[in-house]
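Structure first, commentary second.
The values are calculated or read from the model by the stated rules, or taken from the named source; none is laboratory data. Values in this document were obtained by computation on a predicted structure and should not be read as measured data. Cβ placement follows ideal geometry from the backbone for every residue including glycine, while neighbour counts extend to all protein chains displayed.
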Amino acid sequence: MFREKRRSIILSEQGFHSNGTEQGDREQAAGFCYAWEKISRLAGIDAFILHRHAYHQYEGGLNLGLWRRKADSVVTPDTERPIYDYFKAAGTPTQAEAFRFALPIISVEKRGDVMGRE
């Protein structure tokens, strides 16, 4: 609040890196799930925008996308990464089931624990 008026909060250019290993891909997807769960329960957040939908050749070594890029391109999408499926499930009736894999990775027992309550 500022002067008794709610401000618009937009979380833009959010990204989750993977080191390219299977474990790194799972941690990246779990990080997205955690952020989505947390942000979707906070009043006042108007948008949560991912930084990249595909890897970018000049992103300083970060792998932030939902897709790998074609080897001979700067950013042309090639193959989906595990995070893609969780991005698709976010905000849908399948979200709870899809996100369940992330709980042990983010060290919580149930979804309500993300916010420290049931």
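Which residues, counting only those in the stretch 31-48, are closer than 18 Å to A96 by Cα and either β-branched (V, I, T) or free of Cβ contacts under 8 Å to residues at least 60 places away in the same chain (or both)?
F32, A35, I39, S40, L42
Here's the yes/no breakdown for (1) among the hydrophobic types (A, V, I, L, M, F, W, C); (2) more than 18 Å from R26 (Cβ to Cβ); (3) at pLDDT 95 or above:
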position	(1), (2), (3)
Y58	no, yes, yes
P77	no, yes, yes
I83	yes, no, yes
A89	yes, no, yes
R100	no, no, no
I106	yes, no, no
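Touching a strand residue (DSSP E or B) at 6+ places or on another chain (Cβ under 8 Å) and modelled with pLDDT under 90 - does that describe any residue in the stretch 8-28?
Scanning the stretch 8-28 turns up at least one residue that is touching a strand residue (DSSP E or B) at 6+ places or on another chain (Cβ under 8 Å) and modelled with pLDDT under 90.
Write out, first by first residue and then by second, each pair whose Cβ atoms fall under 6 Å of each other, whose residues are 6+ apart or on separate chains, and whose first residue, in the stretch 16-30, is closer than 17 Å to W67 by Cβ while the second is part of a helix (DSSP H, G or I) and aliphatic (A, V, I, L, M).
Q28/I83; A29/I83
Taking the stretch 74-91 as the region of interest, how many residues are part of a helix (DSSP H, G or I) and farther than 12 Å from A54 by Cα?
6
Of (1) part of a strand (DSSP E or B); (2) surrounded by fewer than 11 Cβ atoms within 10 Å (Cβ to Cβ); (3) of a type in the set (A, V, I, L, M), L11 satisfies all except one. Which?
(2)
Would you call A71 small (G, A, S) and in a loop (DSSP other than H, G, I, E, B)?
Here the answer is yes, as A71 does meet what is asked.
When you scan the stretch 68-90, do you find a residue that is surrounded by 13 or more Cβ atoms within 10 Å (Cβ to Cβ), of a type in the set (S, T, N, Q) and either in contact (Cβ under 8 Å) with a residue 40 or more places away in the chain or within 26 Å of S8 (Cβ to Cβ) (or both), even just one?
no
Looking only at the stretch 16-53, which residues are outside any helix (DSSP H, G or I) and crowded, with 16+ Cβ neighbours inside 10 Å?
Result: F16, S18, F48, L50, R52.
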